[in-house]
Amino acid sequence: YQHRFSRAWGLAVAFEYVGGGARNWMTGLGPVWHPIAGLELYAGPGFERNDGENEFVFRLGLGYGFEVGRWSLTPAFNLDFVEGEQTYVYGIYIGKGF
């Protein structure tokens, strides 16, 4: 979810699940900067739940949103810092404007 305060700034709340061998949940909150139309740069803290334990995570990310009517598709690339390790996370965010 992202609430836009202006054309350039928003605040995002993320919930995601990673399946396969990882099987963990991540939640996060942080500011999103839109320097040009479509481009998103974000950073913020969160928590990852892995094997029953919560770990602090800090995420840096970028994406580029393509709007299709009221919907958006955003390929994204993230760098997560968890317990002194770096993890690369990529995927597609699906959004709906309202």
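Is it fair to say Phe47 is modelled with pLDDT of 90 or more and of a type in the set (A, V, I, L, M, F, W, C)?
On the way: modelled with pLDDT of 90 or more: yes; of a type in the set (A, V, I, L, M, F, W, C): yes.
In short, yes.
Residues that are surrounded by 13 or more Cβ atoms within 10 Å (Cβ to Cβ), of a type in the set (Phe, Trp, Tyr) and within 13 Å of the chain's Cα centre (by Cα): does segment 57-67 have at least one? Steps first, answer last, please.
First, the residues of segment 57-67 that are surrounded by 13 or more Cβ atoms within 10 Å (Cβ to Cβ): 57-65, 67.
From what's left, of a type in the set (Phe, Trp, Tyr): 58, 64.
Filter once more, so that each one left must be within 13 Å of the chain's Cα centre (by Cα): 58, 64.
Scanning segment 57-67 turns up at least one residue that is surrounded by 13 or more Cβ atoms within 10 Å (Cβ to Cβ), of a type in the set (Phe, Trp, Tyr) and within 13 Å of the chain's Cα centre (by Cα).
Of the residues in segment 5-25, how many are at pLDDT below 90, surrounded by 11 or more Cβ atoms within 10 Å (Cβ to Cβ) and assigned to a strand (DSSP E or B)?
Of the residues in that region, 5 qualify.
Within segment 76-83, does at least one residue satisfy the condition of being on the phi > 0 side of the Ramachandran plot, loosely packed, with under 13 Cβ neighbours inside 10 Å and in contact with a strand residue (DSSP E or B) (Cβ under 8 Å, 6 or more places away or on another chain)?
Applying the first criterion (on the phi > 0 side of the Ramachandran plot) to segment 76-83 yields 83.
So of that shortlist, the ones also loosely packed, with under 13 Cβ neighbours inside 10 Å come out as 83.
In the following step, the residues that additionally are in contact with a strand residue (DSSP E or B) (Cβ under 8 Å, 6 or more places away or on another chain) were identified as 83.
Yes - at least one qualifying residue is present in segment 76-83.
With the requirement that a residue be touching a Leu at 6+ places or on another chain (Cβ under 9 Å), over 16 Å from Phe15 (Cβ atoms) and not in a loop (DSSP other than H, G, I, E, B), what does segment 64-98 give you? Can you show your working first?
Step one: list which residues in segment 64-98 are touching a Leu at 6+ places or on another chain (Cβ under 9 Å), which gives 64-67, 76-81, 86-89, 92-95.
Subset that is over 16 Å from Phe15 (Cβ atoms): 64-67, 77, 79, 81, 86-88.
Matches in segment 64-98: Tyr64, Phe66, Glu67, Phe77, Leu79, Phe81, Gln86, Thr87, Tyr88.
State all residues of segment 26-56 that are among the hydrophobic types (A, V, I, L, M, F, W, C) and open to solvent by less than 20 Å² (accessible area, probe 1.4 Å); if no residue qualifies, say none. Before the answer, list the steps.
Going through segment 26-56, the residues among the hydrophobic types (A, V, I, L, M, F, W, C) turn out to be 26, 29, 32-33, 36-37, 39, 41, 43, 47, 56.
Across segment 26-56, the qualifying residues are Met26, Val32.
The values are calculated or read from the model by the stated rules, or taken from the named source; none is laboratory data. This is a predicted model, so every value here is computed, not measured. A quick note on method: Cβ atoms are made from the backbone with ideal geometry, for glycine too, and the neighbour counts reach across all protein chains shown. Heads up: the accessible areas ignore ligands, DNA and RNA and are worked out on the full protein's heavy atoms, side chains in. Shrake-Rupley method; radii C 1.70, N 1.55, O 1.52, S 1.80 Å.
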